[in-house]
Each structure stands twice: as structure tokens, then as C-alpha cells.
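Peer 1: Just passing along the structure, written as C-alpha cells.
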Amino acid sequence: MVDYSALIPELPQWNGGRGIAILDWLGCMGSFDLAIGYTELFWPHFTERDGCIVRTTEVPTGSLQSALDQAGGRASQVEAVYNMMVLVDLHSGTVIEPGQTVGLARPEPTWEQLLYLGERLCEMWLEKLKRDFPDRQFLVLLNDKPIPHLQHWPQANQLDDLVVTAFQLP
């Protein structure tokens, strides 16, 4: 069972200190627009381009061939880059021009919040990839701990470093 009060510190403060259930809180704080938007985060659309499986929102127009050439033809390396999501950036605001952002100032997330979110994203992305591409095998990673056989995958030691990514296994 998840202790949402530990992950969302304002929950116990609601209703004069009596707290609020997670789904009731979502009903008060969320919106259908946000709920729809979050589906792309939790259950993203993936597409195949030049032999690579990448999140549709991250696919550049045209070919991935130049990225594949730079990666020595290793599709998994290209996929890892295009599928990478820096977790702390999810609610950082959107830069319009240098020095201008849109969005509300938000408190910095805790390591525990990002770790919980990253672990859930890994579970959901892996299931989505298995469903959409049943003939392929994938690795979906959160870099919260070292992965010895992947030297190019550095372990995060601060919030800005914590990322999720996905790529095909050869």
C-alpha cells in the first residue's frame, strides 16, 4: 500500500487537519485537461522510425538516420536518447523566450516523489511497449541505482539526473 501522505505532504492538512483521500484530492485539484495530458506521460504513444521505437512526441520530422549514423548503427542507443525523460523537468514550466516561462512556481520535488513516479513510469511504459510491439523485447530503466552492464547509463545522484528511458534489446 502506498503512503500518499508521505509523497503528497498537503494531504493530511486538508479538511481542518483530518486529511483527504487521494482520489478525493484529485477530484478537487485536477482537471480533465490535465488527466488527458497525463495519459501521454503514463501510457505514451510509441512509433517505429528507421528501425527505432521512440515516443511519438519526441520523434523529429524526417529520418533518424543521422542519429543512427552517429551511434554507429546502434538503434538502442538512439532510442535511449529519444525516449529519455528527465523527471524533474515535468513541471518546470515552458520556455517561451530566454528569461520567460509559462506556468506556476512549484516547490522542488523530493527524491522520494521522483523515485515513485519513475518506478511507475517504468512499469507502465514496459507494459505499453510489450502490448504495441509483442515481437520485440525492451528494457525500461530508471537510473536510481547503478546498472553494471550498462556503463553508459550513469547513476543519478541528484534530482536533475533522475531519468527514465526505454530501448530495444538486441
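The values are calculated or read from the model by the stated rules, or taken from the named source; none is laboratory data. Only a predicted model underlies this, so the values are computations on that prediction, with no experimental measurement involved. Cβ placement follows ideal geometry from the backbone for every residue including glycine, while neighbour counts extend to all protein chains displayed. Protein only, heavy atoms only, side chains kept; ligands, DNA and RNA dropped before computing areas. Shrake-Rupley method; radii C 1.70, N 1.55, O 1.52, S 1.80 Å.
Peer 1: Per residue, what accessible area does the stretch 1-84 have, given a 1.4 Å probe and all protein chains present, in Å²?
Peer 2: Value returned for the stretch 1-84: 65 Å² of accessible area per residue.
Peer 1: Around TYR82, with a cut-off of 14 angstrom between Cβ atoms, what is the net charge of the other residues, counting Lys and Arg +1 and Asp and Glu -1?
Peer 2: -1
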